[in-house]
Amino acid sequence: MRADLAPQYDPSRLDAAQYARWKAAGVFTAHADRTTRLGGSRVPFVMVIPPPNVTAVLHMGHGLNDTVQDVIVRWRRMAGDEALWVPGTDHAGIATQNVIERQLAQEGLTRFDLGRDAFVDRTTKFVAETGGVILEQLEAIGASCDWTRTAYTFSPELSRAVREAFVRLYEAGLIYKGHRVIHWCPRCLTSLSDEEAEFADERGELYQIAYPVAGSPSRSLVVATTRPETMLGDVAVAVHPDDDRYRDLVGRRVVLPIVGIEIPVIADPYADPAFGTGVVKITPAHDANDFEVGVRHGLPMPVVIDEVGAMREGPDAHGRVSESLRGLDRFDARARIVALLRASGQLVNVEPHQHAVRHCYRCDTVVEPRLSDQWFVRMAPLAKPALEALRAGRLRVLPERWEAVYVNWMENIRDWNISRQLWWGHRIPVWYCDACGGEPIVSRDEVTACVQCGGAVRQDDDVLDTWFSSWLWPLSTLGWPDENARDLTAFYPTDVLVTAPEILFFWVARMVMAGHFFMGREPFHTVYLHGTVRDMRHVKMSKSLGNGIDPLDVVRLYGADALRYTVIAGLGLGTDVMLDPTNLEQSFAPGRNFVTKLWNIGRFILQNLGDAPAPALADIDPARLTRADAWILARLDAAIAECDSALGPARPTHDGRWTSGELYAGLRLSELVESARRFAWSELADWYVESTKPRLGGPDADVARAVLVHAFDAALRLLHPVVPFITETLWQAIAPRAADEFLARAAWPKRRAPEGDAAREFELVREAVGAIRQIRAEYNIAPGARVAALVGGAEQRAGRVLADEAPLIGHLARADVSPGDGTGDGGAAAHAVLSDGSHVRVPLAGTIDLGKECGRLRGELEQLATLRAGIEQRLRNERFVTRAKPEVVAGERRRLEELTTRAAQLTAKVQTLCGG
RNA sequence: GGUCGCGUAGCUCAGCUGGUUAGAGCGCUGGUCUCACAUACCAGAGGUCCGGGGUUCGAGUCCCUGCGCGACCA
């Protein structure tokens, strides 16, 4: 009646079908009404996925991120929580727009050829047709998302949330339109936030340029700059107010080289007397710091670089860009200007200079600071509660070190530029009336006519930063702004947010602020930041560098479980995962091998179950349990305890605040893997399964079967979060299951009982087996050949254990074991002494090399002597005895006793065998 | 420039509040196709815990310092 398992596990044949069964049974679907927040009995446990770009395809970074989340959510689902993992995608403004623009470029078109509406239509269509592929790919790696709740940042529902958020912030005075220098990408043709303009260290040049003092041609001020092309927009040079070198020149004027106009010398503390010559040129329209200086001193702000990064006279710049420079790209202009300065003798010096240059995070183009009108969010008021959440212990960041980074950013927060000059995104909900020119109309709903004069209105051309929709994700996916939405009530706040440190500021920190502002509390209690997937040279994996691994290739070759196991096992808290893209076999063998091992344990058990299901362990008379049974059950309890402490606590246990003891505990997924693996493989398979073989045909076969199935079942539960496919398949096979019964929602294991004597006594069996195996290896006994072995206890109890277990020891060591007096006649035999002084003797007439045997035993004795000497020395040290903790001292005494017993036995052996 | 992290076996990393003979996987060596498993089993080799100084009865673990990597921020 029970179908045997195939000789080999074939994930490609089984996994997709298994996923379909979970999905069909609604295993991953959460129910709001079952949660404690809506009167149910289950504690909610919620995570929202970091939404991948809607056009993305799965890469190893997702593979890691989503596996981590899946391990956590599967664990909580089994632990009895109402577990919800919300999936979805991000419309990804710049990124998606760039994809379509690249398509257009292939057709020889730009977005301007299409026009805004056609461009948006085309993008919408593209997304509808090809977007969201990544969500299907997530199923292939086993992600247990609730697909009934899939969200999209640009859906009508979430767009409504975006508008609501904008309007509420505007009404609270936290959104304003500002005229200032922002980061501009001349390729994407949009402004960027501070976070989107990434620093990269570059080797450039520092140019020193002489600006002659007007009216004193013999004198000049030398300024230092890395960007000579911006000098066309200079409106002043500044010196520090306390800088004596230039005091007399403040208030006078210098002649701007090339342009030939006069600009003032001003005193401003922004000028750093220690940098260069202490004189700094001021270009308010093309440098954020200079802009501040310009504002302080009421200076003009001529724009000399246009939106595509070419030199051109913009507002207030008449006469500044000469014919020969006009239209030149900023970098070409730099070279031209340097040449001109060199020719006129005004280039004083050029030296290599290492500095950080901002680049567009989407296309890597060097960002151009640019004066323009943009919408901003006033961040300081939002940051305050977000900081408070962390300080009060309602929010934690793992690993701990990132908390300082979070705090530092929050404390030095700057206003957020949220407008983008793109077409793909949420249009800013602001309308202007040209007729009456009144205040802008900020509205939740479409505005078709001016509220003042009824005239025509036009909507603001800009769209919102993508992150302005992402920061609402934990709220908007649950139904906000409908504050009575069932999901919002049942599932907000969420629990754990899993992501990479790169988007701590972009996304995580802002979500905390949004959660507070719109819902009055932080959106999660734990931020888990994991590392990056890198190749063997520690270079971050990326498609463009060609060092990537396609997770789906790995799934095809080795199965999703092998992929998951490998990345989780390699992922210490906050550490990076190294994988070799040139050797998938080497990288994923550990996972594949482990999965195979599980399969084979399952096969063994099934083959030995017979037709009837194994009896439940609870129905077995405890008196019938052998030492091996007691031992594996004790090991199981230990494994459960280790797994629990690796993972938990799942949430703060005291009033929503992390206590100091649990603040940085838990979510050690690699420790879960290690503990569960060791139990399943090193203990269950290597020892317990082997130990049952002689019993399965005998009178206590039912006991062995019950323990075997119980232990394996528990191992499958512990492992299920990490390797869900194979564990579910095996779990379905080892016992009859109802149609709606799944390991994915079976109970997480609990410990049974404290370890008893029987379990401890089994360790002696393992030691005896080890000793015989070692002797066999040393004397090159053929693995098939049986040997005789005599075992004797150091004291009565040990003697009884060894005598009782002689058949088992014999089975495990391929020996005919009988109780025997270890001190014996000292004939041709190999000897070993166990840690408690018990002894093993393997008579090997004819093969024993007495000299070798004595050498081995003496060697061991020497090792013991060294150890004993160390402990004795410590114990003789009065300061140790008086100052060390009593239990440490007692431990040393006990250990010395053990070693002494063992040494005495060894000495006796050496004496009889080797004649002293 | 500021802040932080890392340096433990050939490789990737564990080692929590200082306390047994510093562990795991992969790789390596020797032996085995033993009736679940050669994607396996058995046995084994391999470590001046980056260098130097200090605190301590005791340091891979704490402090200082040097060297070498890396991250984030300006």
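The values are calculated or read from the model by the stated rules, or taken from the named source; none is laboratory data. Quick caveat, the model's predicted, so the values are computed rather than measured. Reconstructed Cβ throughout: ideal geometry from the backbone, glycine too, with neighbour counts over all protein chains shown. SASA here: full protein model, heavy atoms, side chains in, ligands and nucleic acids out. Shrake-Rupley method; radii C 1.70, N 1.55, O 1.52, S 1.80 Å.
Worth pointing out:
- Cross-link partners of A:Lys177 among lysines (Cα-Cα below 27 Å; sequence separation of 8 or more within a chain): A:Lys384
- A viscosity of 1.567 mPa s and a temperature of 4 °C, combined with the Kirkwood radius over Cα pairs in Stokes-Einstein, give a translational diffusion coefficient for region A:754-856 of 95 µm²/s.
- Solvent exposure of chain A as accessible area per residue, Å², 1.4 Å probe: 42 Å²
- Efficiency of FRET between A:Asp686 and A:Ala665 - r from beta-carbon atoms, R0 22 angstrom, step 0.05: 0.10
- Against the criterion of solvent-accessible heavy-atom surface with a 1.4 angstrom probe, A:His720, A:His353, A:His297, A:His318 sort, most first, into A:His318, A:His297, A:His353, A:His720.
- Inter-site label distance for A:Ala869 and A:Glu136 at 7 Å from Cα along Cβ, in nm: 7.2 nm
- Highest average first, the peptides A:866-873, A:880-887, A:54-61 ordered by how many other beta carbon atoms sit within 10 Å of their residues are A:54-61, A:866-873, A:880-887.
- Residues whose amide H falls under 5 Å from that of A:Glu805, counting only those 5 or more places apart or on a different chain, are absent, with hydrogens built in the peptide plane.
- Rounded to 10°, Cα long-axis angle of helix A:116-130 versus longest principal axis of chain A: 10 degrees
- In summary, the lysines within cross-link reach of A:Lys597, defined as a Cα separation below 22 angstrom excluding same-chain residues under 8 places away, comprise A:Lys693.
- Averaging Cα coordinates gives a centre for region A:223-255 and one for region A:382-437; these two points are 36 Å apart.
- Inter-site label distance for A:Glu292 and A:Lys23 at 7 Å from Cα along Cβ, in nm: 5.3 nm
- Each peptide in A:760-770, A:536-546 gets a packing score, the mean of other Cβ atoms within 10 Å over its residues, and the list from highest to lowest is A:760-770, A:536-546.
- Taking the C-alpha atoms only, the angle from helix A:156-171 to the longest principal axis of chain A is near 60 degrees.
- Order by protection proxy (mean Cβ within 10 Å, highest first), peptides A:734-740, A:223-229, A:746-752: A:223-229, A:746-752, A:734-740
- Scalar couplings 3J(HN,Hα) for region A:550-561, obtained by applying the Karplus form with A = 6.51, B = -1.76, C = 1.60 to θ = phi - 60°, are 7, x, 6, 4, 5, 4, 4, 7, 10, x, 5, 5 Hz; x denotes Gly and Pro.
- Alpha carbon convex hull of region A:278-354, volume per residue in cubic angstrom: 134 Å³
- Computed over region A:165-238, the convex hull of the alpha-carbon atoms projects to a mean area of 8.6 nm².
- Region A:190-369 - Kirkwood radius from inverse mean 1/r over Cα pairs (Å): 16.7 Å
- Whole-Hz Karplus values for region A:837-854 come out as x, 5, 10, 10, 10, 10, x, 9, 3, x, 9, 6, 9, 4, x, 5, 4, 5 Hz, taken residue by residue from phi with 6.51 cos²θ - 1.76 cosθ + 1.60 and θ = phi - 60°; glycine and proline positions read x.
- Taking all Cα pairs closer than 8 Å and separated by 6 or more residues, the relative contact order of chain A comes to 12 percent.
- Portion, in percent, of the accessible area of region A:190-369 that falls on carbon or sulfur, probe 1.4 Å: 49 percent
- For chain A, the longest principal axis of the Cα atoms and the long axis of helix A:584-607 meet at an angle of about 40 degrees.
- Taking amide H as placed 1.01 Å from N in the peptide plane, the amide H of A:Asp194 sits under 5 Å from that of A:Asn417, each at least 5 places away or on another chain.
- Average Cα contact separation per residue, region A:190-369, under 8 Å, 6 or more apart, as relative contact order %: 29 percent
- Anchor A:Lys125: aspartates and glutamates whose Cα lies under 16 Å away (excluding residues fewer than 8 positions away in-chain): A:Asp90, A:Glu101, A:Asp117
- Residues whose amide H lies under 5 Å from that of A:Ala789, counting only those 5 or more places away or on a different chain, are A:Asp816, A:Val817, A:Ser818; hydrogens are built 1.01 Å from N in the peptide plane.
- Here region A:652-690 and region A:713-735 have alpha carbon centers that stand 17 Å from each other.
- Centre separation in Å (Cα based) which lies between region A:519-587 and region A:773-801: 46 Å
- Computed P(r) (all Cα pairs; chain A; 20 Å bins; percent): 12, 32, 29, 17, 9, 1
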